Structures are given as C-alpha cells and as structure tokens.
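Every read-out reported here was derived from the displayed coordinates using simple, explicitly stated rules and does not represent laboratory data. Everything numeric here is computed off the predicted structure, so don't read it as measured data. Positions of Cβ are generated from backbone atoms using ideal geometry, with glycine treated the same way; all protein chains shown enter the neighbour counts.
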Amino acid sequence: MGLVYIIFIAITIASYVVQSSLKRKFEKYSKEPLDIPLTGRDVAAKMLHDNGINNVQVTSVNGQLTDHYNPANGTVNLSDVVFSVNSVASAAVAAHECGHALQHAKGYAPLKLRTKLVPVVSFASSWITWILLAGILLIQTFPIVMGVGVALFALTTLFSFITLPVEVDASRRAVAWLESSGITQGEKTKHASDALHAAAYTYVVAALSSLATLMYYVMILLGRRN
C-alpha cells in the first residue's frame with residue numbers, strides 16, 4: 001500500500017506542475033496575436049467550413065478553459081477568452097475543439113467509443129462515491145458491494161484512457177490545419193502546438209491518477225490493507 005501512496009504523491013505533484021505550466025503558457029500565448037485579424041470564433045468557423053462541416057455551430061460559454069465540442073447538439077463551445085480574442089492561444093483552442101468535430105464527421109473510432117461510454121460513466125459517477133464508501137464499511141461482510149464500486153470506478157478509468165488518443169488526435173488535426181491554412185506559420189505554429197501539448201498533459205495526469213486510485217480500491221477489495 002505504501003507504493004500506492006508514493007504514486008499518489010507523485011501524481012499530485014505532477015498535476016500541480018502540469019496545471020501551472022498550462023496556465024502560464026495559455027497566458028503567454030493569449031498575449032501573442034495572430035498575423036491575421038481572426039478571433040477564436042473566426043478560426044473555428046473557417047476550420048469547419050474548410051472541412052465541409054456545415055451542421056456545427058460555434059457558440060460562446062462562460063468561464064476559462066471551459067471550451068468543448070458537444071456532439072449531441074452539434075456545437076463547438078468556446079470560452080469568452082477564446083471566442084472573441086485574436087491570439088495564438090485562442091486559435092489553437094478553437095482549432096482543437098473543431099478537431100473533435102472533424103473526428104465526429106469522419107467516424108473516428110476512439111471518439112465513437114468515448115461517446116457511447118458517456119451515459120454509462122455519468123451514471124457511474126453519480127453513484128460511485130456512495131457505493132465505494134458502503135463497500136469499504138461492509139468489506140468484511142458484503143465484499144460484493146466493494147466489487148461493484150471497483151467495477152464502476154474501472155469504467156471511469158477506462159474512459160480517462162480512451163480520452164487520451166481523442167485529445168491528442170484533435171490537437172494533431174488542429175496544428176496541421178492551422179499551418180496549412182496559413183493562420184499560423186513558423187514560430188506561431190510551434191507556440192500553438194506547445195499550448196495544446198500542455199493541455200494534453202493534463203489528460204495524461206488525470207488518467208494516471210484514476211489508475212492509481214483504481215489500484216488502491218482493488219487492493220482494499222483483495223484485503224491487502226496495512
């Protein structure tokens with residue numbers, strides 16, 4: 001069990017470093033304007049148009065780093081600091097979210113699998129805390145409760161790992177299009193890529209954290225407690 005605690009500490013430190021790096025790079029590249037007068041909304045609209053996607057709308061949402069693509073209603077949702085701002089960061093984020101729209105349009109397998117898992121994971125997330133708590137309390141008399149909790153948590157861990165290729169591929173599509181379309185060139189393309197790589201690391205840390213937590217609960221289920 002001691003090894004699991006060490007892993008938890010390492011992941012916590014890594015998460016802090018990654019989040020700090022993401023915030024720092026986003027702030028830096030948010031101050032770097034594009035060579036052409038396009039906001040995040042303009043970039044998203046152009047990328048969708050260039051790829052023949054006409055059934056997806058670009059909308060604005062409140063918050064920071066709340067950008068996301070919603071396949072259910074066909075919207076690319078950009079945060080305020082991305083939607084109306086001309087910068088390398090806003091272009092990178094907008095193109096990344098449109099990358100998910102491209103994945104959807106082309107039937108990208110990992111995205112299809114993740115989408116199918118969303119309702120299951122949403123259900124699991126609603127009940128998992130209470131089931132695991134009950135499972136720990138009843139581990140000696142009703143271990144099956146803990147087993148159910150572990151199974152549900154395993155689904156959320158699987159979801160985290162399936163998310164990784166989805167996010168990396170969306171960033172790859174974004175950077176390739178930004179350069180081919182002439183929106184970014186040279187150093188600005190490198191900076192856009194750097195910002196998206198920083199964001200990708202947050203998903204890696206989240207997946208590893210989920211795996212470590214799953215290991216912890218599995219060890220409890222197996223009775224390997226100190």
Item to check | From the coordinates shown, semi-axes √(5λ) of the Cα gyration tensor in Å corresponds to which of [x] 28, 19, 17; [y] 38, 20, 13; [z] 31, 22, 14 | outcome: [y]
Checklist entry - Once every DSSP H run of n ≥ 4 in the chain is given -39500 (n - 2.57) and the sum is divided by its residues, what mean residue ellipticity at 222 nm do you get, rounded to the nearest 500 deg cm²/dmol? => result -25500 deg cm²/dmol
Next on the checklist: To the nearest 20 Debye, how big is the dipole of the chain about its Cα centre, given +1 on the beta carbon of each Lys and Arg and -1 on that of each Asp and Glu?
Outcome noted: 520
Checklist entry - In percent, how large is the relative contact order of the chain, given Cα pairs closer than 8 Å and 6 or more residues apart? => result 26
Next on the checklist: With the crude spin-label approximation of a point 7 Å out along Cα→Cβ, what separation in nm comes out for LYS112 versus THR12?
Outcome noted: 4.2
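Helix by helix through the chain, keep the DSSP H runs that span 24 Å or more along the axis on Cα and average at least 1.0 on Kyte-Doolittle, and give those back in order.
Span-like helices, by this rule, are 109-137, 143-180.
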Checklist entry - Given a Förster radius of 45 Å and the C-beta distance between LYS23 and TRP127 as r, what FRET efficiency does 1/(1 + (r/R0)^6) yield to the nearest 0.05? => result 0.85
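Provide the packing ranking of 171-182, 125-136, i.e. peptides ordered by the mean count of other C-beta atoms within 10 Å per residue, highest first. Provide the component values of the computation, followed by the final result.
Details: 171-182: 18.1, 125-136: 15.2.
Result, highest mean first: 171-182, 125-136.
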